[in-house]
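Below is one structure, written out as structure tokens; the observations come after it.
The values are calculated or read from the model by the stated rules, or taken from the named source; none is laboratory data. This structure is a prediction, so every number in the text was calculated from the model and none was measured. Cβ: placed from backbone, ideal geometry, glycine included. Neighbour counts: every protein chain shown. Accessible surface is based on the protein model in full, side chains and every heavy atom, while ligands, DNA and RNA are left aside. Shrake-Rupley method; radii C 1.70, N 1.55, O 1.52, S 1.80 Å.
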Amino acid sequence: MGEDGNTSTFNTSYTNFFLIGFPGLQEWRPLLFLPLTFLYVTIISANALVIHTVVAQQSLHQPMYLLIALLLAVNVCAATAMMPKMLEGFVHYANPISLHGCLAQMFFIYFTLLLDYNLLLAMALDRYMAICHPLRYTDLMTSKLLGVLAILALTQSLGVAVPLVVLTSQARFCRTMVIPHFTCEYIALLSIACGDLTFNSRLGLAMRLVTVTFDLALLGASYTRIIYAAFRISSGGARAKALHTCGSHLLVILTIYLSGLSTSIVFRVAKTVSPDVQNLLSAIYLLLPGALNPVIYGVRTREIRQHVKKMFYSKKSAQEVRGKPERMQNMIVEGK
């Protein structure tokens, strides 16, 4: 047995690893800690602010806003699944992690990403009902249907994430203990595995293609009908509102799917791309939705934006009211 408890034979399969994200930036890694910590705090705060606004305001307890809050809650979980370990890696060059810890992190990363996709499908269905069948919207989009959609989203996400983790756990990791990545992505783990990995690679690619193709087909069909129905609305204000709302959803969809597809293509096709570029693309893919979604929905969704402004103004007014007696008391003491 070796010092780390791994069998020191040709059949070695490492059970402890070192995550080394951005290996080419060794001297600059400590300098990245503060901006990335600020990014993490910003992601948590911005998403939490919008979630709190939706939960606190009774008028926002509607399917569209509840789905937005769920999407942002998933963003918080996704960021928390990887960023603390990522930040630890910028403090310590060799960031240790066990195989079980790596598999757990990989599960939460892909589970939350798939939940993102499924919630976007649910939001597309909600907008389809609201714009194409406005008179029946309240009868169709019930709390029962939202519960069914949530169960389907969880089931489909588990159905993809669990097989990936189980398949990865059965691989032998004999090449090295060093994972040249800041997180335990599926492709990053396959890069240090040995043996015939054709099936693993093809299954991962097939799952990605089937999921993305199926999702994009449904999203494309839904939003084509939505946009067509929106242009047929006689009221100019209602038409503009419908297109504006759909624009927010489409912006989020493009952000998530395009960043994911570009990362997947680079990992599988561009073999000469440096690990630092791969790490950067993965960071954009994994963190961009959590950073942009609260901005897109918090700024572009008028009802949420108005309630956020009202909440801040009410707090400011309350502070001013509390401050007036103190100022009056000070003026009396000073004889003014």
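Some observations on this one:
- Any hit, the stretch 168-179, residues being among the small types (Gly, Ala, Ser) and not in a helix (DSSP H, G or I): yes
- Options Leu140, Leu164, Leu125, Leu135; residue that is more than 24 Å from Val266 (Cα to Cα) and touching a residue at least 24 places away in the same chain (Cβ under 8 Å): Leu125
Here is a yes/no grid of residues against (1) surrounded by 15 or more Cβ atoms within 10 Å (Cβ to Cβ); (2) at pLDDT 90 or above; (3) not in a loop (DSSP other than H, G, I, E, B):
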| position | (1), (2), (3) |
| --- | --- |
| Met83 | yes, yes, yes |
| Tyr93 | no, no, no |
| Cys102 | yes, yes, yes |
| Met106 | yes, yes, yes |
| Ile109 | yes, yes, yes |
| Leu113 | yes, no, yes |
| Ile151 | no, yes, yes |
| Ser157 | yes, yes, yes |
| Val160 | yes, no, yes |
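- Among the residues of the stretch 247-279, those that are open to solvent by 40 Å² or more (accessible area, probe 1.4 Å), assigned to a helix (DSSP H, G or I) and either without any contact (Cβ under 8 Å) to a residue 24 or more places away in the chain or β-branched (Val, Ile, Thr) (or both) comprise Leu254, Leu258, Ser262, Ile265, Val269, Val277.
- Checked against the criterion of being among the aliphatic types (A, V, I, L, M), open to solvent by less than 20 Å² (accessible area, probe 1.4 Å) and over 18 Å from Leu292 (Cα atoms), the stretch 65-81 has no qualifying residue.
- The stretch 135-149, subset part of a helix (DSSP H, G or I) and polar (S, T, N, Q), residue nearest to the chain's Cα centre (by Cα): Ser143
Per-residue answers, yes or no, for (1) more than 30 Å from Phe22 (Cβ to Cβ); (2) of a type outside the set (Phe, Trp, Tyr); (3) open to solvent by 60 Å² or more (accessible area, probe 1.4 Å):
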site	(1), (2), (3)
Phe173	no, no, no
Glu185	no, yes, no
Phe199	yes, no, yes
Val210	yes, yes, yes
Phe214	yes, no, yes
Phe231	yes, no, yes
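- Residues in the stretch 123-142 that are small (Gly, Ala, Ser) and open to solvent by 10 Å² or more (accessible area, probe 1.4 Å): Ala130 only.
- Complete set of residues in the stretch 300-324 that are modelled with pLDDT under 80 and β-branched (Val, Ile, Thr): Val321
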